[in-house]
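Contents: one structure, followed by commentary.
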Amino acid sequence: AQSVSQHNHHVILSEAASLELGCNYSYGGTVNLFWYVQYPGQHLQLLLKYFSGDPLVKGIKGFEAEFIKSKFSFNLRKPSVQWSDTAEYFCAVNAGSNAGKSTFGDGTTLTVKP
Amino acid sequence: GAGVSQSPSNKVTEKGKDVELRCDPISGHTALYWYRQSLGQGLEFLIYFQGNSAPDKSGLPSDRFSAERTGGSVSTLTIQRTQQEDSAVYLCASSLGDRGWETQYFGPGTRLLVL
């Protein structure tokens with residue numbers, strides 16, 4: 001069965017600090033990987049996704065993630081965070097024959113101090 | 001255009017009662033998903049539909065949970081004989097198709113509290 005592990009439950013940063021949120025998954029085959037974000041009071045929305053091609057994926061608001069197959073990882077990065085990045089971030093994997101079934105991590109709450 | 005909508009937004013019920021949660025997907029989206037999010041936890045997959053069929057029901061926690069989708073559109077998640085551990089936010093999402101790389105668009109959720 002596929003699973004997703006997000007290493008940090010709560011991250012606190014000051015504005016302009018760099019961000020890296022860890023995500024590891026367990027599945028040996030072809031995967032589709034996603035980062036979703038939930039801003040306070042808003043719905044979950046897609047930040048970025050990887051399904052083929054360049055393993056470095058760029059998303060909205062300056063976020064990027066790198067798929068490293070050998071490490072089963074898909075870490076999210078941003079060089080300089082803003083107060084408006086305060087949100088909860090979820091990593092998700094969708095794999096193999098379970099095309100319609102995505103497994104989500106427990107989420108990381110990011111708080112950016114102004 | 002309109003996004004995914006869910007109703008009710010909040011539901012308080014007594015243990016043992018049945019509840020129905022509704023999801024209206026984005027028009028034209030053939031795939032629909034139900035998740036459950038308990039406090040401080042990630043999203044737990046419950047079931048997904050492609051059209052009116054449910055290829056994967058593996059996430060339904062017990063036979064008290066059932067879901068249906070009619071006309072390839074609206075879906076209803078029914079919880080019978082609710083228990084306190086059913087208290088959670090129930091999220092619905094839809095996507096254009098059920099291919100693995102499809103982006104899922106989420107609704108606002110239904111917050112269920114079982115007393």
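The values are calculated or read from the model by the stated rules, or taken from the named source; none is laboratory data. For clarity, every value in this text was computed on a predicted model and none was experimentally measured. Don't worry about glycine lacking a Cβ; one is built from the backbone with ideal geometry, like all the others, and counts go over all protein chains shown.
Kindly provide the set of residues from the range B:49-72 that are surrounded by 18 or more Cβ atoms within 10 Å (Cβ to Cβ) and more than 11 Å from the chain's Cα centre (by Cα), ordered by number.
Those that are surrounded by 18 or more Cβ atoms within 10 Å (Cβ to Cβ) and more than 11 Å from the chain's Cα centre (by Cα): B:Gln50, B:Ala54, B:Asp56.
Only residues in the range A:99-113 that are more than 10 Å from every other protein chain (Cβ to nearest Cβ) and farther than 14 Å from A:Gln6 by Cβ count as the first member; pair them with residues that are β-branched (Val, Ile, Thr) and not in a strand (DSSP E or B), Cβ under 7 angstrom, at least 6 apart or cross-chain, and list the lot.
A:Thr111/A:Thr86; A:Val112/A:Val81; A:Val112/A:Thr86
Do you know which residues across the range B:59-93 are in contact (Cβ under 8 Å) with a residue 60 or more places away in the chain and among the aromatic types (Phe, Trp, Tyr)?
B:Tyr90 - this is the single residue of the range B:59-93 that is in contact (Cβ under 8 Å) with a residue 60 or more places away in the chain and among the aromatic types (Phe, Trp, Tyr).
Taking B:Asp63 as the residue in question, decide whether it is of a type outside the set (S, T, N, Q), touching a Gly at 6+ places or on another chain (Cβ under 8 Å) and assigned to a loop (DSSP other than H, G, I, E, B).
When the stated conditions are applied, B:Asp63 does not pass them.
Taking the residues in the range B:101-115 that are crowded, with 19+ Cβ neighbours inside 10 Å and over 18 Å from B:Pro25 (Cβ atoms) as candidates, determine which candidate is nearest to the chain's Cα centre (by Cα).
Among those residues, the one meeting the criterion is B:Leu112.
Among the residues of the range B:61-80, are any within 14 Å of chain A (Cβ to nearest Cβ), under 25 Å from B:Gly16 (Cα atoms) and among the aromatic types (Phe, Trp, Tyr)?
No, because not a single residue in the range B:61-80 is within 14 Å of chain A (Cβ to nearest Cβ), under 25 Å from B:Gly16 (Cα atoms) and among the aromatic types (Phe, Trp, Tyr).
Which of the residues spanning the range A:8-24 are surrounded by 13 or more Cβ atoms within 10 Å (Cβ to Cβ) and at pLDDT below 95?
The one that is surrounded by 13 or more Cβ atoms within 10 Å (Cβ to Cβ) and at pLDDT below 95: A:Asn8.
For the subset of the range B:87-100 comprising residues that are farther than 12 Å from B:Tyr33 by Cβ and under 13 Å from the mean Cα position of the chain (by Cα), which member is farthest from the other protein chains (Cβ to nearest Cβ)?
Result: B:Ala88.
Can you confirm whether the range B:83-94 contains a residue that is in contact with a His (Cβ under 7 Å, 6 or more places away or on another chain) and at negative phi?
Yes; the residues of the range B:83-94 include at least one that is in contact with a His (Cβ under 7 Å, 6 or more places away or on another chain) and at negative phi.
What is the number of the single condition among (1) touching a Pro at 6+ places or on another chain (Cβ under 9 Å); (2) under 11 Å from B:Cys23 (Cβ atoms) that B:Asp86 does not meet?
(2)
Conditions first: (1) away from every other protein chain (no Cβ under 14 Å); (2) surrounded by fewer than 18 Cβ atoms within 10 Å (Cβ to Cβ). A:Asn75 passes all but one, so which condition is the exception?
(2)
From the list A:Tyr27, A:Tyr39, pick out the single residue that is modelled with pLDDT under 95 and within 14 Å of chain B (Cβ to nearest Cβ).
A:Tyr27
Filter the range B:1-37 down to residues that are facing another protein chain (nearest Cβ under 10 Å) and surrounded by fewer than 18 Cβ atoms within 10 Å (Cβ to Cβ), then give me how many there are.
The number of residues fulfilling the criteria is 1.
Looking at the range A:78-98, which of its residues are more than 13 Å from chain B (Cβ to nearest Cβ) and of a type outside the set (D, E, K, R)?
Correct list: A:Pro79, A:Ser80, A:Val81, A:Gln82, A:Trp83, A:Ser84, A:Thr86, A:Ala87.
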